[in-house]
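Structure record follows, encoded as structure tokens.
The values are calculated or read from the model by the stated rules, or taken from the named source; none is laboratory data. Keep in mind that what you see is a predicted model, and the values were worked out from it rather than measured. Counting neighbours? That spans all protein chains shown, and the Cβs are built from the backbone with ideal geometry, glycine included. Quick note on the areas: whole protein, heavy atoms, side chains included, nothing else; ligands and nucleic acids left out. Shrake-Rupley method; radii C 1.70, N 1.55, O 1.52, S 1.80 Å.
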Amino acid sequence: MPRIIFVEFDGTEHPVDASNGLSLMEAARDHDVPGIEAECGGVGSCATCHVYIDQEWVAVSGAADRVERELLEMVEGRCEESRLSCQIDISHEMDGLIVRMPEAQGF
Amino acid sequence: MQFDVVIVGAGHGGAQVAVMLRTQKFEGSIAIIGEESELPYERPPLSKEYFAGEKEFERIQLRPARYWDEREVTMLLGKRVVAVDPAAHTVATDGGETIGYGKLVWATGGHPRVLPIPGGDLPGVQGVRTRADADADAMKAASETAGQIVVVGGGYIGLEAAAVLNKAGKKVVLLEAQNRVLARVAGEELSRFYEKEHRDHGVELHLGVCVDAIEGDTRVTGVRLSDGEVIPADLVIVGIGIIPAVAPLIAAGADCANGVRVDRLCKTSLPDVYAIGDCAAHVNDFAEGAEVRLESVQNANDQANVVAKGIVGDEAPYHAIPWFWSNQYDLKLQTAGLSTGHDQAVLRGDPATRSFSVVYLKAGKVIALDCVNATRDYVQGRMVVSAGLEAGPEQLADIETPLKELLSV
Ligand SMILES: Cc1cc2nc3c(=O)[nH]c(=O)nc-3n(C[C@H](O)[C@H](O)[C@H](O)COP(=O)(O)OP(=O)(O)OC[C@H]3O[C@@H](n4cnc5c(N)ncnc54)[C@H](O)[C@@H]3O)c2cc1C
Ligand code: FES
């Protein structure tokens, strides 16, 4: 089980032992990590599961596809590291991954 | 039993009221009374990933089971509220219990409309609203062995179910009473596009047909049309809308019309009784102030938030842009705003490329967009609709100009 560290905007850390195969959004939801709303349930329509993944993890987390990039274009607090956590599937290489959260979710 | 807040209906809206109350540090007691035996789960996958067998049930639960214990939300499941006594501030369940409330939140959604024709309730005739519906023996068995499945109703749920069954290799016949699919919710361009997609995938589509009876002795064998033709079927999926589940509120004297009427704070005409989600008729800012009843996750969630905040003393009227999605085949439809009442529809992009949008205008103002595989239009469309952009059809049709640029003109 990879251990993922979710970090709230105020710096509060939530280490989560996540199951392979679920998405980062699902891991956060199932462990009651605040700050991810995920209104659409992970289908890439709400952009309320926005997180930041540091560049050094991109090789593991992969890159956003076209739909995800387009959805992210308008979200609040967007930057280079922006991703939608429902679009990232957890794998064992993610042990130690740090997932930071924006100040607010949505557009 | 007595709770500070009693929520009736353990669906999207009901769950979100409890979640938001606890997020807002509400310390009073909360109970959710739900007629289904399940903890709250997402309904959209019932005609999509869950129906297709791509996601197990645990993955579509809105929260893990322990969440509700930890947050001290009492779940009273498998119980239906049958009466409300507004004077005594109590509800009564089908099991004969009386439960007192300080505030009552009615979040019951609706029950699938049943075909009002002979045979409409035969085994093998199935609505799609709950996990139990999606798991029904008829559905399971039929998805494996059925020769032919008839879907009655060309709304989103019927079309999604048809797409899933078609992908699973089933022969699907879809019947729609209107002369186009999605007639209630979208403009003609979108209807024609989806009709073509379904036909190209091999779904047999009949428009403008009237179903007279469901045939069969012990279970369904076919569907009889008004012209006498009988279409053989081993399973009939009915997606012709819902009836808001508000009978106990009507009996209690609440102001009701196409659901229960609520004000901008989601309050009903009964003291301390709120209503939200699919069952709540409300005046919507994005419907030009018309009274509407919306059936979407967005509406259930956002109204839930209005109620929870209202209960903790942070009252703010409901004002959230409507949005919706539907997945069929490899097509991702995303909609922003409400197209009902539009007087002009502008096509943006070429449907033949399977990536395009329809922009809806009313009196020159953009009121809604349906975006097919066009997420950029959808996100910018949300801004454009929120801003009440006025733009000409040529500008809107020009795919070289991003919609947001029209805002700054
Ligand atoms: C198959 C399907 C696909 C959908 N797809 C989408 C989609 O892609 N996007 C989207 O935005 N929306 C979609 N929707 C709509 C969305 O699911 C609803 O708008 C949403 O669930 C409404 O939430 P709600 O809380 O009002 O009602 P519900 O989620 O329906 O919850 C109401 C609950 O109350 C219970 N109940 C009813 N009466 C009583 C009573 N008297 N006592 C106790 N409990 C009672 C019901 O059994 C139910 O469990 C879909 C719906 C269905 C059925
Ligand atoms: S959960 Fe909606 S976009 Fe990720």
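Scan segment B:320-340 residue by residue and report those that are open to solvent by 40 Å² or more (accessible area, probe 1.4 Å) and not in a strand (DSSP E or B). Write out each step before concluding.
Within segment B:320-340, the first condition is being open to solvent by 40 Å² or more (accessible area, probe 1.4 Å), and the residues that meet it are B:324, B:327, B:330, B:340.
B:D330, B:T340, listed by residue number.
Scanning segment A:29-60 for residues that are in contact with a strand residue (DSSP E or B) (Cβ under 8 Å, 6 or more places away or on another chain) and of a type in the set (S, T, Y), which turns out nearest to the other protein chains (Cβ to nearest Cβ)?
A:S45
With the requirement that a residue be without any contact (Cβ under 8 Å) to a residue 40 or more places away in the chain, open to solvent by 50 Å² or more (accessible area, probe 1.4 Å) and more than 10 Å from every other protein chain (Cβ to nearest Cβ), what does segment B:27-64 give you?
B:E27, B:G53, B:E54, B:E56
Say whether the condition of being open to solvent by 10 Å² or more (accessible area, probe 1.4 Å) and either under 18 Å from B:G289 (Cα atoms) or more than 14 Å from every other protein chain (Cβ to nearest Cβ) (or both) is met by at least one residue in segment B:368-381.
Looking through segment B:368-381, none of the residues is open to solvent by 10 Å² or more (accessible area, probe 1.4 Å) and either under 18 Å from B:G289 (Cα atoms) or more than 14 Å from every other protein chain (Cβ to nearest Cβ) (or both).
Output the residues belonging to segment B:300-315 that are more than 10 Å from chain A (Cβ to nearest Cβ) and without any contact (Cβ under 8 Å) to a residue 24 or more places away in the chain.
B:G313
Counting only residues that are under 28 Å from B:V372 (Cβ atoms), open to solvent by less than 50 Å² (accessible area, probe 1.4 Å) and in contact (Cβ under 8 Å) with a residue 24 or more places away in the chain, give me the strands (runs of 3 or more DSSP E) lying completely in segment A:1-86 with at least 1 of them.
Output list reads A:50-53, A:82-84.
Of the numbered conditions (1) away from every other protein chain (no Cβ under 12 Å); (2) within 22 Å of B:V292 (Cα to Cα), B:S326 fails exactly one; give the number of that condition.
(1)
Can you list the strands (runs of 3 or more DSSP E) lying wholly within segment B:1-96 that have 3 or more residues being touching a helix residue (DSSP H, G or I) at 6+ places or on another chain (Cβ under 9 Å)?
Numbers: elements: B:2-8, B:30-34, B:73-77, B:81-85, B:90-93.
The strands (runs of 3 or more DSSP E) meeting that bar are B:2-8, B:30-34, B:73-77, B:81-85.
Could you grab me the full set of residues in segment A:61-98 that are within 13 Å of ligand 2 (Cβ to nearest atom) and hydrophobic (A, V, I, L, M, F, W, C)?
A:A64, A:V67, A:L71, A:L72, A:M74, A:V75, A:L84, A:C86, A:I88
For segment B:1-52, give me the residue count where each residue is within 9 Å of ligand 1 (Cβ to nearest atom) and small (G, A, S).
8
Just name the residue that is nearest to ligand 1 (Cβ to nearest atom) out of those in segment B:65-91 that are free of Cβ contacts under 8 Å to residues at least 40 places away in the same chain, over 29 Å from B:F324 (Cα atoms) and of a type outside the set (S, T, N, Q).
Our first condition is that a residue be free of Cβ contacts under 8 Å to residues at least 40 places away in the same chain; within segment B:65-91, this holds for B:65-67, B:69-70, B:87-88, B:90.
Adding the requirement that they be over 29 Å from B:F324 (Cα atoms) leaves B:66, B:69-70, B:87-88, B:90.
Subsequent filtering for residues that are of a type outside the set (S, T, N, Q) retains B:66, B:69-70, B:87-88.
Numbers: B:R66: 21, B:D69: 20, B:E70: 22, B:A87: 19, B:A88: 18 Å.
Restricting to residues being free of Cβ contacts under 8 Å to residues at least 40 places away in the same chain, over 29 Å from B:F324 (Cα atoms) and of a type outside the set (S, T, N, Q), the top hit is B:A88.
For B:V181, indicate whether it is more than 18 Å from B:L46 (Cα to Cα) and open to solvent by less than 50 Å² (accessible area, probe 1.4 Å). If you could, list the steps in order and put the result at the bottom.
On the way: more than 18 Å from B:L46 (Cα to Cα): yes; open to solvent by less than 50 Å² (accessible area, probe 1.4 Å): yes.
Yes.
I'd like to verify a number: residues in segment B:183-220 that are modelled with pLDDT of 95 or more and among the polar types (S, T, N, Q), how many?
Matching residues across segment B:183-220 total 1.
How many residues does segment B:154-186 contain that are closer than 17 Å to B:D370 by Cα, among the β-branched types (V, I, T) and assigned to a helix (DSSP H, G or I)?
1
So is B:R129 under 20 Å from B:A300 (Cβ atoms), open to solvent by 50 Å² or more (accessible area, probe 1.4 Å) and within 14 Å of ligand 1 (Cβ to nearest atom) or not? Reasoning before the result, please.
On the way: under 20 Å from B:A300 (Cβ atoms): yes; open to solvent by 50 Å² or more (accessible area, probe 1.4 Å): no; within 14 Å of ligand 1 (Cβ to nearest atom): yes.
When the stated conditions are applied, B:R129 does not pass them.
Over 19 Å from B:E295 (Cα atoms), open to solvent by less than 20 Å² (accessible area, probe 1.4 Å) and of a type outside the set (A, V, I, L, M): is that true of B:G120 in this structure? Let's see the steps before the verdict.
On the way: over 19 Å from B:E295 (Cα atoms): yes; open to solvent by less than 20 Å² (accessible area, probe 1.4 Å): yes; of a type outside the set (A, V, I, L, M): yes.
When the stated conditions are applied, B:G120 passes them.
I'm trying to understand the selection: among the residues of segment A:10-28, which are within 13 Å of chain B (Cβ to nearest Cβ), in contact with a Cys (Cβ under 9 Å, 6 or more places away or on another chain) and of a type outside the set (D, E)?
Those that are within 13 Å of chain B (Cβ to nearest Cβ), in contact with a Cys (Cβ under 9 Å, 6 or more places away or on another chain) and of a type outside the set (D, E): A:S23, A:M25, A:A28.
Out of all the residues in segment B:275-288, which are within 23 Å of B:P44 (Cα to Cα) and part of a loop (DSSP other than H, G, I, E, B)?
If the condition is that a residue be within 23 Å of B:P44 (Cα to Cα) and part of a loop (DSSP other than H, G, I, E, B), then B:I276, B:N284 are the ones that fit.
Condition first: more than 29 Å from B:R382 (Cα to Cα) and within 16 Å of ligand 2 (Cβ to nearest atom). Can you find one or more residues in segment A:19-29 that meet it?
Narrowing segment A:19-29 to residues more than 29 Å from B:R382 (Cα to Cα): A:19-22.
Applying the additional criterion that residues be within 16 Å of ligand 2 (Cβ to nearest atom) yields A:22.
Among the residues of segment A:19-29, at least one is more than 29 Å from B:R382 (Cα to Cα) and within 16 Å of ligand 2 (Cβ to nearest atom), which makes the answer yes.
Scan segment B:166-182 for residues that are modelled with pLDDT of 95 or more and hydrophobic (A, V, I, L, M, F, W, C) and jot them down.
B:V172, B:V173, B:L174, B:L175, B:A177, B:V181, B:L182
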